Amino acid sequence: MVARTDRTTDPELLQALLQARRGTAFFARKLNELSDAQLDGESLLPGWTRRHITAHIGYNARAIARLVEWAATGVETPMYASTSVRDHEINFGATLSPIALRHLFDHSAVHLNVEWRDLPEDGWHHKVRTIQGREVPATETVWMRTREVWMHAVDLANGATFNDIPAPVLERLLEDITGAWKARGTDAGLLIKVTGTDLTFGDTTSASPVVVSGPLAAVVEWAAGRGAHGVTATGVAAHGGAATNEVPAAPKWI
Ligand code: ZN
């Protein structure tokens, strides 16, 4: 996909771009393994078929490319006009023919990659605004795309799991998710531990927290609201007062 080389020479940024490109290639592989008829099947996201996931990933690349263009030109071009425009676009995209859907994914991914490749060193530091209203440097667009392609590749329900996602991506995802909880105060009394590491997130001040723990991939899968497979919980108070080990649902993230 990369015909020429990136203009940035920042090693950290190049590493981040590599992670995004690997994620895009991974999503492409899982998508291409699906027949046209299988695109009609359910994804792991409630109410969304695989068509919705594919349309969302395609339009997401276009939206992120608009931010990179903004950084390059200084002309403000928002990701989406509004969240309802974004949702409408996804619902429309899901009705496209299989070939058009596949083209949407392919072309938007190539376009975004070209925008990244051609962004000069200083352009990467220009500020843009996300759909949530956050002001971020253009470098952040790489992470915004990375987490979308890796996670939604799993959501395609075509055999990919959180174990396929590289550990650095999983760790940053967990930071994002638990950071969102903290900002909203929804993590009160909830402590997250990644077994085999010293990674601890959530409410570290509670004297008697509910502790949810498991391997990194399982913990992130749970935290992202995609089920409690492979995680365990302790300290959960049951109605009768006796403790249970039932894993609580993760607080909402987005
Ligand atoms: Zn998404």
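The values are calculated or read from the model by the stated rules, or taken from the named source; none is laboratory data. Keep in mind the model is a prediction, meaning the values are calculated, not measured. Reconstructed Cβ throughout: ideal geometry from the backbone, glycine too, with neighbour counts over all protein chains shown. Only protein heavy atoms, including side chains, enter the accessible area calculation; ligands, DNA and RNA are left aside. Shrake-Rupley method; radii C 1.70, N 1.55, O 1.52, S 1.80 Å.
Overview of values
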item: Pair list, Cβ under 6 Å, 6 or more apart: segment 185-199 residue in contact (Cβ under 8 Å) with a residue 60 or more places away in the chain, other residue surrounded by 15 or more Cβ atoms within 10 Å (Cβ to Cβ); result: T186/P251; D187/W181; D187/G202; D187/D203; L190/G202; L190/D203; L190/V210
item: Within segment 61-77, tally of residues that are in contact with a Lys or Arg (Cβ under 7 Å, 6 or more places away or on another chain) and either not assigned by TED's automatic domain parsing to the domain that holds L45 or not hydrophobic (A, V, I, L, M, F, W, C) (or both); result: 1
item: Matching residues in segment 166-202 - criterion: being within 14 Å of the ligand (Cβ to nearest atom) and either open to solvent by less than 10 Å² (accessible area, probe 1.4 Å) or not in a helix (DSSP H, G or I) (or both); result: L173, I177
item: Given (1) open to solvent by 30 Å² or more (accessible area, probe 1.4 Å); (2) more than 23 Å from the chain's Cα centre (by Cα), number of the condition N163 does not satisfy; result: (2)
item: Positions within segment 33-79 being part of a helix (DSSP H, G or I), closer than 30 Å to A138 by Cβ, away from the ligand (no atom under 14 Å from the Cβ) and touching a helix residue (DSSP H, G or I) at 6+ places or on another chain (Cβ under 8 Å), in sequence order; result: A65, L67, V68, E69, A71, A72
item: Verdict on V219 being under 29 Å from H52 (Cβ atoms), within 16 Å of the ligand (Cβ to nearest atom) and crowded, with 18+ Cβ neighbours inside 10 Å; result: no
item: Residue list for segment 215-254, filter: modelled with pLDDT of 90 or more, part of a loop (DSSP other than H, G, I, E, B) and among the polar types (S, T, N, Q); result: none
